[in-house]
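Since every read-out is calculated from the coordinates, none of them should be taken as a lab result. Computed from a prediction, not measured in an experiment: that's the story for all the values here. We place every Cβ from the backbone using ideal geometry, glycine too, and count neighbours over all the protein chains shown.
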Amino acid sequence: MSCGDTNQKDCGCLADILKKILLLQRQDYDDDTHTGCDKPYLGPTCTSICYNTRPIMLYNCCTGTPWSFEYGTTGATSNVFRVESLDECCCTCRILAPSTTTENGYISTGEFFTINLECVGALKCLADTYVELC
């Protein structure tokens, strides 16, 4: 698939990973033993119950730069997101802002965007965390 090619609908590998993350965040996972983005539980061990989010970064397929989106009214931007839903090649994410007051690293902005996975060239998973969802 080339960047901008709208005739192809193959976003399989990214969609598969995002689907796994979404299932993990909903605590609807199997007992597979994987590492990396598709690790079958949130947190450092499978008995951790204090995590509800696997933050991700998405990279532009044409430029390789991280996608970032504005949130709030101050013009601040973030390139860290939480997967909220997935429909074939369309992924809806919650924008996460860096936290300066909590140890978890991120806070929920309550703002969302939907991105066509055909515009995403790479996905980076960050350390699992707990995010207060409002």
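A compact table of results
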| item | result |
| --- | --- |
| Residue-span extension gain [Ser68 to Asp16] - 0.36 nm each, minus C-alpha spacing | 16.5 nm |
| Estimated Rh, segment 85-134: Kirkwood, alpha-carbon pairs, angstrom | 12.4 Å |
| For segment 65-120, size of Cβ-based charge dipole, Lys and Arg +1, Asp and Glu -1, in debye | 180 debye |
